[in-house]
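Here's the structure we're looking at; comments come further down.
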Amino acid sequence: MPSLKHLPATATPDEVLKVLAQDAAVIIDRLMTPDFLNRVRTEIMPNVGAAPPGRDDFTGRLTTRTGARVARSPACRDLVGEPLVNSATDAFLAPFCDRYQLHLTQVIRIRPGQGAQVLHRDRLAWGGYLQRSIEPQLNMIWAVTDFTRENGATRVVPGSHLWEDGRGAHEDEIIYAELKAGSVIIYTGSVIHSGGANVSGADRIGINITYSLGWLRQEENQYLSCPPEIAATLPAGLQRLIGHSMGSYALGYFSPPLAPGIGPEIVPPETLFSGEVKGWGDDLHANVSKWGA
Ligand SMILES: O=C(O)CCC(=O)C(=O)O
Ligand SMILES: [Fe+2]
């Protein structure tokens, strides 16, 4: 009988990776402290309350999705930079890229009456163009409310990252990620999963924060979701994570306006905020989770 493994908040990145290799999903219990969770909840709820429902069955007509978490919520910035998930992401994606990046930040609120979302792999965001041997992303859903089978807990098919294309899941292969508020489920872009049906009387609220290879297009356009005037105020590590950094030696440079006769013609994007001119990709392979470094 398949199941989802739970690790404590004290787990190491190695322990996380070991479970991911086998199941492609793992739960970390109560990784947010109660105070942190309260701060997150207080900051997101005004935005969540104002969000419109989805426009189709995939996004969910009784589901709301609220993005731009980095621009709109300092507590969500801390979630984006949480050390355990960043170290695990860095290690998980390192075989496939020089640098990982922020891919998506979205509060997902599944309202009472919402049916189950169709089972899918998140890597389909890039169509079918990526070879299966490449793992393009690592995903988190942070539980803001408890997740229960009744209120729409994420449905996951452990081990399905190894299945051939076209193999569907039987009902008894689907596990419900029942989470206490403050816990997080980590899952790869290759595992079959979906939002569950909410047959309870209350909302299920989670924050989906995902990371991807630095050479892929981000699901949420971070340059528009977090405009430069806000990005300029962020710690350097977070600026790099949202994309103001080279994705590899020759990915992501820009040409700033030149003063007549002076200035570099093309520079790495972090120059926009720091003024410092470095070689392209000088700090690639740096652990971008080390904020302010
Ligand atoms: O909300 C959830 O539990 C999962 C949602 C999901 O998988 C998606 O929207 O891609
Ligand atoms: Fe998904």
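The values are calculated or read from the model by the stated rules, or taken from the named source; none is laboratory data. Keep in mind it's a predicted model, so treat the numbers as computed, not measured. Virtual Cβ from ideal backbone geometry, glycine too; neighbours counted across all protein chains shown. SASA here: full protein model, heavy atoms, side chains in, ligands and nucleic acids out. Shrake-Rupley method; radii C 1.70, N 1.55, O 1.52, S 1.80 Å.
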The stretch 81-100, subset open to solvent by 10 Å² or more (accessible area, probe 1.4 Å) and of a type in the set (Phe, Trp, Tyr), residue farthest from ligand 1 (Cβ to nearest atom):
Phe96
How many of the residues in the stretch 175-198 are under 17 Å from Arg109 (Cα atoms) and either open to solvent by 10 Å² or more (accessible area, probe 1.4 Å) or touching a Lys or Arg at 6+ places or on another chain (Cβ under 8 Å) (or both)?
13
Taking His103 as the residue in question, decide whether it is within 16 Å of ligand 1 (Cβ to nearest atom), of a type outside the set (Val, Ile, Thr) and buried (at least 23 other Cβ atoms within 10 Å of the Cβ).
yes
(1) assigned to a strand (DSSP E or B); (2) under 22 Å from Ala231 (Cβ atoms); (3) touching an Asp or Glu at 6+ places or on another chain (Cβ under 8 Å) all hold for Cys76 apart from (1)
Taking the stretch 165-183 and keeping only residues that are within 16 Å of ligand 2 (Cβ to nearest atom) and touching an Asp or Glu at 6+ places or on another chain (Cβ under 8 Å), one is left with Leu179
Complete set of residues in the stretch 111-138 that are among the aliphatic types (A, V, I, L, M), within 28 Å of Leu62 (Cα to Cα), more than 10 Å from ligand 2 (Cβ to nearest atom) and out of contact with any helix residue (DSSP H, G or I) (no Cβ under 6 Å at 6 or more places or on another chain)
Ala116
Being over 30 Å from Leu124 (Cβ atoms) and either under 18 Å from the mean Cα position of the chain (by Cα) or of a type outside the set (Ser, Thr, Tyr) (or both) is the filter here; which residues of the stretch 19-48 pass it?
Arg30, Pro34, Asp35, Phe36, Leu37, Asn38, Arg39, Arg41, Glu43, Met45, Pro46
Exclusive hit being of a type in the set (D, E, K, R) and on the phi > 0 side of the Ramachandran plot, set Arg41, Arg30:
Arg30
Are any of the residues in the stretch 36-58 open to solvent by 50 Å² or more (accessible area, probe 1.4 Å), modelled with pLDDT of 95 or more and polar (S, T, N, Q)?
yes
Can you work out which of the residues in the stretch 184-204 that are away from ligand 2 (no atom under 16 Å from the Cβ) and among the aliphatic types (A, V, I, L, M) is farthest from the chain's Cα centre (by Cα)?
Val199
When you go through Asp78, Asp146 one by one, which is the residue that is of a type in the set (Asp, Glu) and surrounded by fewer than 16 Cβ atoms within 10 Å (Cβ to Cβ)?
Asp78
Pairs returned, first residue in the stretch 235-247 that is of a type in the set (Lys, Arg), second residue that is assigned to a loop (DSSP other than H, G, I, E, B) and open to solvent by less than 10 Å² (accessible area, probe 1.4 Å), beta-carbon separation under 7 angstrom, 6 or more apart or interchain, are Arg240/Val288
